[in-house]
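Report on the structure given below.
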Amino acid sequence: MIVVRLVFQTKWGEAQKAVDQFSQFVDQMSRTAGKKVHGRILTDLSGPFHTVVQELEVESLAEWERMRAAMFSDPEMQNTQATQEMIFEGGRTEYYTLEKSW
């Protein structure tokens, strides 16, 4: 199992908009992936201000690449890119192997 972490720094006061937008993506991802996607949306309590993290658990990197390609080819996803540019200052993707969950 792979954990994909999409870590974003939002512009001042835009974190809640990012959370709302990620919440909408959950439905799109489930539709695109063809199955329920397990994930979480996190916001900072410490560290850099205005951080929003979307974590997803996927079976493999190959599955993530398939989902990612499908999402970026979805017209609904493409329509949100302008909104994203107004909210986000930067971001990164992190990949982890899930060794144990409880």
Table column - 3J(HN,Hα) (Hz), region 89-100, Karplus curve with 6.51, -1.76, 1.60, x for Gly and Pro: 9, x, x, 8, 10, 10, 10, 9, 8, 7, 8, 7
Fewest-first ranking of Lys11, Lys100, using other Cβ atoms within 10 Å as the exposure measure: Lys100, Lys11
For the chain, calculated [θ]222 nm from helices alone, where every DSSP H run of n ≥ 4 adds -39500 (n - 2.57): -13000 deg cm²/dmol
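Bear in mind that the values in this text are calculations on the coordinates, not laboratory data. Being a predicted model, the structure only gives us computed values, none of them experimental. Cβ coordinates were reconstructed from backbone atoms using ideal geometry, including for glycine residues, and neighbour counts include every protein chain displayed.
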